[in-house]
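Beneath this line is the structure, given in structure tokens, with notes to follow.
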Amino acid sequence: MTFRDWLEKKVSQGFEPDTSAPVGSSDNPSNRILTVANAFTVMRMLLTCLFLVLFIQGICRPLAIATYAVAACTDWADGQIARRTQTVSWFGKLLDPICDRFLLFTGVLGLVIVGELPVWVAILVIARDCYLAVGGLIVRRFRERPVDVVYIGKITTALLMFGFCDLLLGLPTIEGLGIIRAAWLPGLNSVGGPVGLLFVYAGCVMSVITAIVYTAEGAAIVRESIRRGRRS
């Protein structure tokens, strides 16, 4: 299947949800709010706030790292629980990406504040998510159903979260690879650092690719909505 075929199929499913699928499945989310999966998502938000307080104030760095790692693990856990127990909900679909972004933002800001992450990474990650947030609001004018998270987006989040966790831990470290001379790319230049930097760089590249994929999908949704005459 080509990217164009995949895109057309995904956009069409967004306008015509599979009501024959079981309620609570990924293809037919429920309207429930009080579910175990959603509780895990809310817990991620609370743990993220706790991490930021612990890390910025330097109260207990090991505890802050453990808190962030547990919060990152809940991102995997809530999705698995929702799908396996057939409790996928619209509330979870809306809240989960918000909590993911909040978790990434706090990790980025915390590391930048203590000088352990290049500022450009924070600018890229935050700018990309602000761009997608604005784009999502525009798309919602043409289709009520929010844009589903794409698989490449999950990979991007996993790379960034793993990278941030390793940067927080500070281990293991690598010597500068000396591939390039750019001062703003520690790890790839002659300056060493935690191996997590490489995962963060990979996550940044994937972030740009993900933004392109979402942009293509958003544009396709708008075109399909106009074609169907369903603009709200």
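The values are calculated or read from the model by the stated rules, or taken from the named source; none is laboratory data. Since the model is a prediction, treat every value here as computed from it, not as a measurement. Cβ coordinates were reconstructed from backbone atoms using ideal geometry, including for glycine residues, and neighbour counts include every protein chain displayed.
Sort through V125, V112 and tell me the only one that's over 22 Å from M43 (Cα atoms), crowded, with 18+ Cβ neighbours inside 10 Å and not small (G, A, S).
V125
Kindly provide the set of residues from region 18-61 that are hydroxyl-bearing (S, T, Y) and under 22 Å from the mean Cα position of the chain (by Cα), ordered by number.
If the condition is that a residue be hydroxyl-bearing (S, T, Y) and under 22 Å from the mean Cα position of the chain (by Cα), then S25, S26, T35, T41, T48 are the ones that fit.
Starting from region 140-162, take each residue that is under 30 Å from A66 (Cα atoms) and list its partners that are not in a helix (DSSP H, G or I), counting only C-beta distances under 9 angstrom and pairs at least six apart or across chains.
Taking only residues 6 or more apart or on different chains, the pairs are D148/S26; T157/V149.
For region 185-196, indicate whether the set of residues that are among the aliphatic types (A, V, I, L, M), surrounded by 13 or more Cβ atoms within 10 Å (Cβ to Cβ) and touching a strand residue (DSSP E or B) at 6+ places or on another chain (Cβ under 6 Å) is non-empty.
There is at least one residue in region 185-196 that is among the aliphatic types (A, V, I, L, M), surrounded by 13 or more Cβ atoms within 10 Å (Cβ to Cβ) and touching a strand residue (DSSP E or B) at 6+ places or on another chain (Cβ under 6 Å).
Do you know which residues across region 7-29 are closer than 12 Å to R83 by Cα and either hydroxyl-bearing (S, T, Y) or modelled with pLDDT under 70 (or both)?
Listed by number, the residues that qualify are S25, S26.
Would you confirm whether or not region 17-35 contains a residue that is part of a helix (DSSP H, G or I) and touching a residue at least 12 places away in the same chain (Cβ under 8 Å)?
We begin by selecting, within region 17-35, every residue part of a helix (DSSP H, G or I); these are none.
Within region 17-35, none of the residues are part of a helix (DSSP H, G or I) and touching a residue at least 12 places away in the same chain (Cβ under 8 Å).
Restricting to region 57-75, and then to whatever is at pLDDT below 85 and part of a helix (DSSP H, G or I), can you tell me which residue is farthest from L168 (Cα to Cα)? Give the steps one after another, and end with the answer.
Going residue by residue through region 57-75, those that are at pLDDT below 85 are 57-61, 75.
Next, from what is left, pick out any that are part of a helix (DSSP H, G or I): 61, 75.
Working: R61: 8, D75: 18 Å.
Among residues in region 57-75 that are at pLDDT below 85 and part of a helix (DSSP H, G or I), the one farthest from L168 (Cα to Cα) is D75.
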